[in-house]
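Take a look at the structure set out below.
Rule-based calculations on the coordinates, nothing more; no lab input. This is a predicted model, so every value here is computed, not measured. Cβ sites come from the backbone with ideal geometry, for glycine too, and all protein chains shown count toward neighbours.
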Amino acid sequence: MAVGPIFEREVLTTPRRLSHYVMRAGFVAGLLILFYSLRQATIGFQDVVFAGDVASFSALVFRVFALLQLTLSLFFATLFAASVVAQEKDRKTLILLLMTDLRNYELALGKLLASLLNVGVLLAASWPVFALLRLLGGVTWQQILWSQAIVCAATLAAGAWGSLVAFWREKTFQTIAISVLGVAVFLLAAHGLGVLLGGAAAVLSPYDGLLKVLNPLDVDRPGVLQVSAWPTVLAMLVLAGGLSQLTVVMLRRWNPSKEVYQGVLEAAAPGAGEDAAAEEARIPSTVVAGVQRKHRQVWNQPVIWREMRTRAYGRRMIWIKLCYVLLAVLVAAVSWARPESGGGGGGGLVLGMVSAPAFAVLGIGILSLLLSNAQAVTSITNERDGRTLEILLVTDLRPWEFMFGKIGGAVWNAREMLLLPLLLVAAFCAGGVIPQLSVENAIYVAVGYTVLTLFAVALGLHAGLSYENSRQAIAHSLGTMFFLCVGIFVFMLLLVEARSSFAIQLQSFILFIGFGSLGLYSSLTHRNPSNALTMASLLLPFLTFYAITEFLLGGNLGVCFWICMAYGFAAVAMMVPAMNDFDIALGRNAQE
């Protein structure tokens with residue numbers, strides 16, 4: 001193939017895996033279940049007499065499917081492209097690829113397209129579902145084709161960004177954090193430029209371009225109405241090409257990193273061939289410029305000491321945190337400058353659910369949960385890929401010391417990302433930006449968010465211990481968190497649509513919840529199923545459903561209580577076995 005043997009190998013080996021077919025069939029089944037749920041939420045069991053009602057329903061389903069497809073594609077394209085290269089670096093196999101006769105474009109484009117293969121297959125599998133909506137009316141072929149073109153071009157651009165960051169940075173958490181933050185900053189900046197400048201600046205946002213395709217009648221233009229999105233598609237393709245070209249040019253300048261060269265220089269330095277005993281005797285008495293060298297004092301808990309007192313996740317974590325803080329402050333400033341959108345009227349609510357400032361805080365909170373989860377899962381995958389996890393198993397380190405050290409390290413390293421949403425809630429409560437956010441409700445939000453943070457950290461550690469492959473561990477951990485957030489948002493949308501006839505749509509809601517329980521069960525019980533994890537998989541979606549209904553009905557304490565019960569129990573169910581049976585959690589049981 002023109003892009004090299006890396007992509008060719010992925011094309012030949014991917015169809016051999018059972019997960020390839022399960023994922024493709026599951027995605028289409030999920031779309032059909034969502035289609036049925038939307039029908040029950042809008043039409044129910046009543047007879048449809050007019051063709052216009054069917055066309056209106058088809059247009060609603062098309063809008064939901066297109067926006068959901070774009071959101072999932074952007075996230076997973078970025079995640080897969082970044083994790084594929086990061087795994088090569090963690091396992092020290094990227095150096096072997098650099099030593100071959102592979103050209104830069106074969107390595108960069110091969111890795112990019114190989115990582116996007118699964119996403120591309122899912123997009124191709126969803127095209128017939130969109131084509132079926134054309135039979136119901138309300139949607140034109142131009143809308144379907146242009147929406148798919150926008151999604152494909154944006155997916156390629158997101159993957160190119162993730163691949164560039166992965167080849168640039170060394171540490172896995174830095175790669176994932178910069179990739180996710182970069183996509184969020186780009187989407188906000190593109191949307192902001194479109195609002196301020198309008199016209200040509202709006203084409204940089206894939207969401208704005210997709211909304212124009214979904215709602216062509218909102219465009220005030222004289223003449224014959226034509227659906228077209230070529231400026232957005234062209235902008236995304238140019239962006240993807242530019243990022244890929246930069247990756248190809250800088251690939252061998254970034255790799256191997258300076259750490260590799262430093263290790264080679266130290267190995268070749270005079271005295272490097274001395275035996276171990278002489279080396280140990282020499283190091284403690286090292287004198288640099290007449291000053292006795294001081295060694296750091298290790299705490300009684302070495303795991304959390306390493307997480308908190310060393311640069312285990314890179315030397316430039318401060319820039320990631322600074323970027324996150326600036327993003328949060330910008331969102332808070334915009335929300336604070338426009339408090340009228342958070343009024344009690346329904347016209348200021350986003351999709352009829354929450355006010356715009358509350359939605360902004362919600363977005364910052366979700367981003368914080370994803371980054372906390374990434375911090376936790378990479379703390380385990382880095383140990384595994386660096387061959388240090390096996391060394392820890394032969395020490396006298398107890399399981400609870402290891403697990404509490406990793407939990408404390410994840411919380412400490414992501415402390416700015418955990419505290420900033422709480423500070424925003426307190427500031428909005430004190431300033432009256434969100435009228436419904438009283439002191440009591442702010443306390444409920446803080447308690448619920450703390451429990452969700454612990455759940456995100458526990459899920460990351462659980463996935464890191466359950467999956468031997470780092471890419472699978474990161475994908476399952478972040479994918480589960482992302483699907484939970486998207487599923488809750490879609491479910492709230494369904495409840496808003498079915499508010500007038502909730503009892504009629506209960507059957508579709510039960511089906512939607514059951515499908516979510518099945519997916520959560522397959523993720524949590526991958527290697528070591530237990531009764532507690534099975535119960536958590538069954539209870540978490542149902543309790544979340546109850547908390548959502550309580551929120552839409554105006555409840556406060558009930559929402560906080562059931563969120564704490566559902567996600568707190570799931571976190572405990574994941575952590576207790578790992579602390580008591582550490583070898584079993586790693587899959588090192590007697591049968592192996």
Among 89/406; 321/406; 92/171, which pairs are too far apart, with a Cα-Cα distance over 18 Å? 89/406; 321/406
Non-local amide H neighbours of residue 468 (under 5 Å, H modeled in plane, Pro and chain starts lacking H): which ones? none
Pop out the ³J(HN,Hα) list for the range 364-375 in order, Karplus 6.51 cos²θ - 1.76 cosθ + 1.60 with θ = phi - 60°, rounded to Hz; leave Gly and Pro as x. 5, x, 5, 4, 5, 5, 5, 5, 5, 5, 5, 4
Within a 10 angstrom radius of the beta carbon, how do 88, 390 rank from fewest other beta carbons to most? 390, 88
Mean separation of Cα contacts under 8 Å, 6 or more apart, over the residue count of the range 381-504: relative contact order %: 21
Full extension between residue 311 and residue 17 adds, at 0.36 nm per residue less the Cα distance, a length in nm of 102.1 nm
So what's the Cα pair-distance distribution over the range 1-126, bin width 5 Å, in %? 2, 9, 15, 17, 15, 11, 9, 7, 6, 5, 3, 2, 1, 0
Quick one: Karplus J couplings for the range 536-547, per residue in order, coefficients 6.51, -1.76, 1.60, θ = phi - 60°, nearest Hz, x for Gly and Pro? 5, 5, 7, 7, 4, x, 5, 5, 5, 4, 5, 5
Is any residue of the range 461-486 close enough, with backbone N under 19 Å, to a label point placed 7 angstrom from the Cα of residue 254 along the Cα-Cβ axis, and if so, which? 471
Once amide H atoms are built 1.01 Å from N in the peptide plane, which residues 5 or more positions from residue 355, or in another chain, come under 5 Å H to H? 350
Here the gain from full extension of residue 527 to residue 215, 0.36 nm per residue of separation minus their alpha-carbon distance, amounts to 107.7 nm
Would you give the gap between the C-alpha center of the range 128-201 and the C-alpha center of the range 448-491, rounded to a whole Å? 22
If you project the alpha carbons of the range 445-490 onto their three principal axes, what span does each projection cover, largest first, in Å? 35, 23, 10
Give a quick list of GluC sites (Glu not before Pro) in the range 399-487 that DSSP marks as loop, anything other than H, G, I, E or B, with at most 13 other Cβ atoms within 10 Å. 468
